[in-house]
1. Cβ under 14 Å from Trp62's Cβ, Trp62 left aside: what net charge do those residues give with Lys, Arg +1 and Asp, Glu -1?
2. Specify the angular offset, from 0 to 90 degrees and rounded to the nearest 10, of the alpha carbon long axis of helix 94-104 from the longest principal axis of the alpha carbons in the chain.
3. Please compute the contact order of segment 1-74 in relative form: average sequence separation of alpha-carbon pairs under 8 Å and at least six residues apart, divided by the residue count, as a percent.
4. Which one of Val10, Trp62, Ala50 is farthest out on the positive end of the charge dipole of the chain, using unit charges on Cβ (Lys, Arg +1; Asp, Glu -1) and the Cα centre as origin?
5. So what's the net charge close to Ala48: Lys and Arg +1, Asp and Glu -1, counting the other residues with Cβ under 12 Å from its Cβ?
6. Please report, to one decimal in angstroms, the Kirkwood hydrodynamic radius of segment 5-104 built from all distinct Cα-Cα pairs.
7. Please check: in the Gaussian network model of the chain (C-alpha springs, under 10 Å), which one of Ala50, Ala17, Ala30 has the largest mean-square fluctuation.
8. Given charges of +1 on the Cβ of Lys and Arg and -1 on the Cβ of Asp and Glu, with all other atoms neutral, how large is the dipole of the chain about its Cα centre, in debye to the nearest 20?
Amino acid sequence: CEYSEDMLPVVTRQREADLALQKLFESVIALAANRGRLAPALSPELAARALLLLVNGSVLDWLRAPGELELTARTMPLVAGFLESISAPKAQPAADQARLALFLGV
């Protein structure tokens, strides 16, 4: 898609908004990473970019189908699922580990 010059300010503002939102996502996800709550295979930058694309894609779907979708109701479960999927695995309590070891005979 090619933009004419008169659209340049709009495109520039959108890029700036995307960058600001990605930086916000990165800072929050970096806090989670520092607390050991981000899956080790992901960097905060990569996770933030994926989250930004998920949100922007949801907005685009909403814009393409006016009146058919409720943006928040449709997007929040996706965001929650995404955040759950990038979370570090929860550690098993020691008692559960001991029971598992007994069960497995190790």
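1. Counting the neighbours of Trp62, the net charge comes to -1.
2. 70
3. Relative CO of segment 1-74 lands at 24 percent.
4. Farthest towards the positive pole: Ala50.
5. Overall, the nearby charge balance is -1.
6. Numbers: mean 1/r = 0.0619 Å⁻¹.
16.1 Å is the Kirkwood radius here.
7. Largest GNM mean-square fluctuation: Ala17.
8. Around 620 debye, computed over the chain.
FYI, it's all coordinate maths here, none of it is from the lab. Computed from a predicted model, the values in this text were never measured in an experiment. Reconstructed Cβ throughout: ideal geometry from the backbone, glycine too, with neighbour counts over all protein chains shown.
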